[in-house]
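The values are calculated or read from the model by the stated rules, or taken from the named source; none is laboratory data. Since we're looking at a predicted model, the values are computed, not measured. No Cβ is skipped: glycine too gets one built from the backbone with ideal geometry, and neighbour counts run over all protein chains shown.
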């Protein structure tokens with residue numbers, strides 16, 4: 001190893017020179033490389049060509065990327081905000097061979113980005129096309145739109161630098177960029193033969209979609225890449241044009257479809273209850289309905305109107321059925337082919353509708369003799385357990401809350417309960433705010449938990465949730481969305 005000795009009068013200057021050289025250069029077989037060189041696609045003219053789809057280049061740092069003279073800020077609102085000029089920009093060039101939806105995203109990057117798309121040939125004549133700031137799950141960006149065959153698009157990925165009225169201080173430093181170009185992987189149909197929307201969801205992200213002026217079913221959601229996906233339907237219920245209630249129902253996985261479904265209770269006396277079922281098969285469906293063990297051959301109305309019983313549904317068709325004057329259970333819906341079925345309830349206070357909820361029916365193949373719910377609250381809520389005997393013999397049912405059997409304190413009194421074949425029961429246990437709930441029978445039953453939510457001591461909202469069959473318990477659970485910004489959202493879980 002060689003050593004250097006500095007004369008005192010030269011030492012300071014030479015040290016600075018050598019330190020600068022060490023910082024700026026590293027010598028290697030390929031020659032001199034600047035550790036601070038900008039990315040190769042820093043300038044518009046050197047935009048990286050997207051060679052095909054899918055496209056996922058290796059992650060790289062944009063901290064040394066610059067703003068080229070003439071780069072334009074996004075001229076229109078992006079995700080509802082006018083953005084300040086982004087920093088540390090890099091460019092991509094894309095010319096689609098066919099017209100269609102394409103997704104560009106920066107999911108997995110470690111800094112806040114926006115993506116803007118332009119058309120043109122030079123920086124000076126670019127025309128703004130589209131942009132995205134934050135996707136629904138992170139500060140990274142995802143832009144999904146239709147691109148025209150043969151048109152060249154320039155994709156600008158920038159470090160978010162705030163808005164025109166509130167620029168970032170200090171300015172962003174860039175970071176490690178993960179850039180992807182992909183086709184949509186989720187298709188949504190309403191009804192099941194009409195495509196309503198296409199989306200690309202990177203791993204670990206979610207999406208929310210609304211379709212105005214659509215009132216139809218069934219709904220079908222497919223991940224075309226065959227990647228397992230979770231889905232739910234959220235409803236905000238309006239009375240006289242004002243939102244009054246919120247409800248969410250988990251979608252039923254295709255592998256759990258059945259030709260028979262159960263619900264523990266049906267009330268169309270002091271509630272407005274409607275059964276909903278859709279034909280998900282490729283042949284017409286003939287559907288029959290039993291409530292409290294009695295087949296409802298008469299006395300029910302349908303939407304669309306005047307559908308004769310038994311109900312025949314064309315491929316991809318849905319039906320809504322209401323049976324006035326009934327307050328009984330359980331409910332059984334039977335078809336000759338696979339269907340999907342749910343029960344919708346509109347809750348009335350003083351004769352006025354205030355709340356909407358919908359609960360997916362339990363497929364016959366998932367029936368069990370043990371059910372679980374994570375919590376029971378009959379202190380500041382009005383909570384009721386509902387269970388129905390779906391077997392051909394009497395059922396003996398035990399109810400546990402927080403690990404304690406409810407041998408006292410419930411109405412009707414008390415655990416264990418005996419249910420005749422085809423009978424249902426509703427149970428309320430006062431003063432209880434605990435969990436989990438366990439309902440055990442000696443034969444198969446169906447079980448759910450109903451909650452009436454009170455504000456200032458007045459009932460305002462109604463919700464019902466099917467119990468989870470013991471055979472379906474797992475160590476891992478998924479919910480498609482969490483919002484504790486403009487909603488009050490709480491997760492609930494219990495250890496059996």
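One table, with the values for the structure above:
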quantity: Test for residue 441: is it buried (at least 17 other Cβ atoms within 10 Å of the Cβ), assigned by TED's automatic domain parsing to the domain that holds residue 265 and farther than 17 Å from residue 419 by Cβ; calculated: no
quantity: Single match in 348, 338, 369 (criterion: part of a strand (DSSP E or B), at pLDDT below 95 and surrounded by fewer than 21 Cβ atoms within 10 Å (Cβ to Cβ)); calculated: 348
quantity: Some residue of region 412-423 being part of a strand (DSSP E or B), closer than 28 Å to residue 493 by Cβ, assigned by TED's automatic domain parsing to the domain that holds residue 452 and within 37 Å of the chain's Cα centre (by Cα); calculated: no
quantity: Scope region 308-327; condition buried (at least 19 other Cβ atoms within 10 Å of the Cβ), assigned to a strand (DSSP E or B) and touching a residue at least 40 places away in the same chain (Cβ under 8 Å); matching residues; calculated: 318, 319, 321
quantity: Out of 357, 393, sole residue that is assigned to a loop (DSSP other than H, G, I, E, B), in contact with a strand residue (DSSP E or B) (Cβ under 7 Å, 6 or more places away or on another chain) and in the same structural domain as residue 462 (by TED's automatic domain parsing); calculated: 393
quantity: Selection status of residue 353, under 28 Å from the mean Cα position of the chain (by Cα) and surrounded by fewer than 21 Cβ atoms within 10 Å (Cβ to Cβ); calculated: yes
quantity: Test: residue in region 469-482 that is over 28 Å from residue 230 (Cβ atoms) and part of a loop (DSSP other than H, G, I, E, B); calculated: no
quantity: Spans of strands (runs of 3 or more DSSP E) in region 242-305 with at least 3 residues in contact (Cβ under 8 Å) with a residue 12 or more places away in the chain and surrounded by 15 or more Cβ atoms within 10 Å (Cβ to Cβ); calculated: 242-250, 258-263, 271-279, 285-291
quantity: Tabulated pairs, region 397-412, first under 12 Å from residue 440 (Cβ atoms), second at pLDDT 95 or above and loosely packed, with under 15 Cβ neighbours inside 10 Å, C-beta under 8 angstrom, 6+ apart or interchain; calculated: 397/418; 398/405; 399/405
quantity: Matching residues, region 447-474, being free of Cβ contacts under 8 Å to residues at least 12 places away in the same chain and more than 18 Å from residue 253 (Cβ to Cβ); calculated: 455, 456, 457
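Here's the yes/no breakdown for (1) modelled with pLDDT under 95; (2) closer than 19 Å to residue 181 by Cβ:
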residue	(1), (2)
44	no, yes
53	yes, yes
62	no, yes
67	yes, no
70	yes, no
73	yes, no
76	yes, no
79	yes, no
